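Participant: Just dropping this structure here.
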Amino acid sequence: MAKSEKAWGGVFTEATDTRMERFSESISFDKRMYAQDIAGSIAHARMLSDVGILTKDEFAQIEAELLAIKDRIARGEFEFSYSLEDIHMHVEKALVEKLGDVGRKLHTARSRNDQVSTDFRLWIRDAIDELTRLLRNLQRAFVGRCDGDFDVVVPAYTHTQRAQPVLAPHIWLAYVEKLERDLERLADCRKRANTLSLGAAACAGTSLPIDRNKTAEYLGFERIAANSVDVSSDRDFATEFAFDMAEIAIHLSGWAEDWIWQSTVEFDFITLPQSFCTGSSIMPQKVNPDALELIRGKSARVVGNLQTLLMLTKGIPLAYDRDLQEDKEPIFDSFDAISASLDIAASIVSGATLKRESISARLDRGYLDATSLMEYLIRRGAPQRAAHGVVGRLVRKGIESGKALAEMSLDELRTESDKIESDVYDYLGASNAVNAMKSYGSTAPDQVRFQIDAWKKRLGL
């Protein structure tokens, strides 16, 4: 493209090197913001009409043509070229080709600096809304399992060792709580992203009589950026969004890891839906948890993208610098990975089956009721440290004799404490240990039922 055809080329005496055009283009990835770019341009033009910079007829022409351009892009009938750099210049050029000087008026009182910030904020706002929907769907999938799995007691693990028995729905609701924190973080991020940048222009604002409140109203922004220099270089909202997605990725990866090993022959706790597994090209028997492995693997990319954003912005001076063009690809990549992972995760959760017989057959291995016995002694006046020692010695005897605590006779149990009475068997065994729980938020059946009902109401189930 000749220098005269560049929107910014008036001062230049040399044409842009084609290598520079290819090196600096962003249309290959920022074209996905076309809807946001056009929405921002329509709102800006409407505001210019409100303050008398555009006539009502000029605004009507601009709005109609921008909507036509949007339809062409959506239908795949719009031609993109790296020589036009970005989505903003593509839309503007198409508008000018159709409307001439009327189209050239659209960029009045704005810069690509505040335009791209606005587009990005609008896009992230939409992305947050989509992730919110997907997170809620995954929560519903977990809560939707709870009634059917309510009678299943499973081991909870600490340090990857069997710790205490819990109801299976208590585990499902643990994931729901993590996802709820993810939702809360996204909601907070949306508040900061939902700030209008338009009107900052390049970095100092404009001398033209614009009305930023009107623009904010048209675009649904809750607040207006108060400092034009700050907002030109501000990408806090993008970095925050990158962190929020990284945290979602970490939560999904942890869940995937749990279900990967729980689906092995060694654990034999859960059967994954085969529609989200793959086989082996050489081992006919294999049903591999590839979807879960990919969810776990994609978390590395998402966390890496957060690091990219942090490093990108760490040394950028006020105000706008071209480095910030590099902020979008990491965000787009993380969003694509997280949205796909959440969508697949909900189907896996809904389609998996607990292997009840296998879980039950080995449930009393590992002395899951040891803490229950310790608390039994505490209720009978034993100091916690002393009770801990009594149960520890009984567990050692059980290991040596090959007996579970519930299989020991009363005389055997009383060798370590005369506080143990015949009612102790009401607290021994995994199911009894679960039923003995009382504290709020515990795995006590009434507590779990309370939480299930609360989440059902919250999620509209």
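The values are calculated or read from the model by the stated rules, or taken from the named source; none is laboratory data. Since this is a predicted model, take the numbers as computed values, not measurements. With ideal geometry, Cβ positions are generated from the backbone for all residues, glycine too; neighbour counts draw on all protein chains shown. Surface accessibility is based on the protein's heavy atoms, side chains included, excluding ligands, DNA and RNA. Shrake-Rupley method; radii C 1.70, N 1.55, O 1.52, S 1.80 Å.
Participant: Debye sum, Cα scatterers, the range 197-265, no solvent: what log₁₀ I/I(0) at q = 0.12, 0.19, 0.25 1/Å?
Facilitator: Taken in order of the listed q values, log10 I(q)/I(0) reads -0.53, -0.83, -1.07.
Participant: Another one. What number in nm² do you get for the range 6-163 if you take the convex hull of its Cα atoms and divide its surface by four?
Facilitator: Values: hull surface 66.8 nm².
Convex hull of Cα atoms, orientation-averaged projection: 16.7 nm².
Participant: Take Glu58, Glu421 and sort them by solvent-accessible surface of the protein heavy atoms, 1.4 Å probe, largest at the top. Mind showing how you got there, number by number?
Facilitator: On the way: Glu58 25, Glu421 90 Å².
Ranked from most to least accessible, the order is Glu421, Glu58.
Participant: Continuing with the same structure: For the range 316-390, state which trypsin sites (Lys or Arg not before Pro) are in a DSSP loop and have at most 10 other beta carbons lying within 10 Å of their beta carbon. All intermediate terms of the calculation are to be shown ahead of the outcome.
Facilitator: Working: sites: Arg322, Lys328, Lys355, Arg356, Arg362, Arg365, Arg379, Arg380, Arg385; in loops: Lys355, Arg362, Arg365, Arg380.
Within the range 316-390, no trypsin sites (Lys or Arg not before Pro) qualify (loop, at most 10 other Cβ atoms within 10 Å).
Participant: I've got another one for you. What whole-number distance in Å separates the alpha-carbon centres of the range 240-266 and the range 188-222?
Facilitator: The two parts, judged by their Cα centres, are 37 Å apart.
Participant: Got a number for the accessible area of Glu14? Probe 1.4 Å, square angstrom, nearest 10.
Facilitator: Answer for Glu14: close to 140 Å² accessible.
Participant: Could I have the simple spin-label model distance between Glu77 and Met311, label points 7 Å from Cα toward Cβ, reported in nm to one decimal?
Facilitator: With each label point 7 Å from Cα toward Cβ, the separation is 4.4 nm.
Participant: Specify which labelled value, from (1) 264; (2) 204; (3) 153, agrees with volume of the Cα convex hull per residue in Å³ derived from the coordinates of the model shown.
Facilitator: So the calculated entry is the one marked (2).
Participant: Tell me, rounded to the nearest percent, the portion of alpha carbon pairs in the range 96-205 spaced more than 23 Å apart. Could you put the intermediate results ahead of the total?
Facilitator: Working: 3409 of 5995 pairs.
That fraction is 57 percent.
Participant: Excluding residues fewer than 8 places away in the same chain, name every one of the lysines whose C-alpha is closer than 25 Å to that of Lys70.
Facilitator: Lys6, Lys31, Lys56, Lys93, Lys98, Lys105, Lys214, Lys328
Participant: Tell me whether the range 349-461 comes out rounded, prolate or oblate; compute the Cα gyration tensor, take square roots of the eigenvalues as a ≥ b ≥ c, and use a/c under 1.5 as the rounded threshold. Intermediate results must be reported in sequence, preceding the final value.
Facilitator: Values: a/c = 3.15, a/b = 1.69, b/c = 1.86.
Taking the square roots of the gyration eigenvalues as a ≥ b ≥ c, the range 349-461 is oblate.
Participant: Which whole-number percent of Cα pairs in the range 265-403 have a distance greater than 19 Å? Kindly include the intermediate steps, with their values, before the conclusion.
Facilitator: Numbers: 6941 of 9591 pairs.
Of all Cα-Cα distances in the range 265-403, 72 percent exceed 19 Å.
Participant: Rounded to the nearest 10 Å², what accessible area does Asp71 have for a 1.4 Å probe in the complete protein model?
Facilitator: 80
Participant: Starting from the alpha-carbon convex hull of the range 251-311, give the projected area averaged over all orientations, in nm². Don't skip to the answer; put the middle values down first.
Facilitator: Values: hull surface 21.2 nm².
Dividing the Cα hull surface by four gives the mean projection, 5.3 nm².
Participant: Rounded to the nearest 10 Å², what accessible area does Ser341 show when all protein chains are kept and the probe is 1.4 Å?
Facilitator: Counting only protein heavy atoms, the figure is 10 Å².
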